[in-house]
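Written below as C-alpha cells is the structure these notes are about.
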Amino acid sequence: LRRQIGEHALALISGLPDITVVTAARRGGKRGLTYGARVDDIEAHLDRVDGHAIMIVDGDEQHPAYHRTHRELKIRARRVVEDPWMHGSQVSQLIQIADLVADSSHQHLSRPARHQAMWPWYENYVAPRHIPGHPSLIRP
C-alpha cells in the first residue's frame, strides 16, 4: 500500500504544470560541491526561462556550504533570491514531497533489487519535470 501511495503521489506531482525539480546524488566527496553544482544548474535554468526561485532544503542543519554558495552569487544577477530555507520533513509536506522525488531518483540511480518496483518511477514521473532532464551523480 505504501508503494502504491508513493507512486500515486508522484503521478499527481508530475501532472502539475508549473513544477520543476532538480535532484543530485553524491558518492563520497564533499556535500558543498554537490549543492553548489545544483545551485549553478538552477541559476542557469532560471536565467533561460527568466524566472526566480527560493531554495527549500530538507533538514535543519547549518552546513556552511548552503549559505556560502548563495553568498557567492552576484547579487544583481542572481535568480535564487534568498539563502536556503531549512525545514525538516516532519513539519513540512512540501519537504515530504521533495523526499519522495529524491528517493525515486536514488532508486533510479542505485537500483537495489529490493526496490525494483520503484526503478521506473523516476523515468515515469520525475524525469519530465527535471532539469537538466536526468538526476546527476556528482563524483568527488
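The values are calculated or read from the model by the stated rules, or taken from the named source; none is laboratory data. Given the structure is predicted, the values throughout are model-derived calculations rather than measurements. Glycine gets a Cβ as well: all are built from the backbone with ideal geometry, and neighbour counts include every protein chain shown. Calculation scope for accessible area: heavy atoms of the full protein, side chains included, ligands and nucleic acids excluded. Shrake-Rupley method; radii C 1.70, N 1.55, O 1.52, S 1.80 Å.
Looking at the range 1-112, the helices (runs of 4 or more DSSP H) lying wholly inside it that each contain 1 or more residues that are in contact (Cβ under 8 Å) with a residue 60 or more places away in the chain sit at 2-14, 31-49, 93-110. Any idea which of (1) among the charged types (D, E, K, R); (2) modelled with pLDDT of 85 or more; (3) closer than 30 Å to A117 by Cβ is the one R26 doesn't satisfy? Exception for R26: condition (2).
Given the options V101, V21, V80, name the one that is open to solvent by less than 70 Å² (accessible area, probe 1.4 Å), touching a Ser or Thr at 6+ places or on another chain (Cβ under 8 Å) and β-branched (V, I, T).
None of the other options fit; the residue is V101.
Checked against the criteria, Q107 counts as modelled with pLDDT of 85 or more, surrounded by 12 or more Cβ atoms within 10 Å (Cβ to Cβ) and touching a Phe, Trp or Tyr at 6+ places or on another chain (Cβ under 8 Å).
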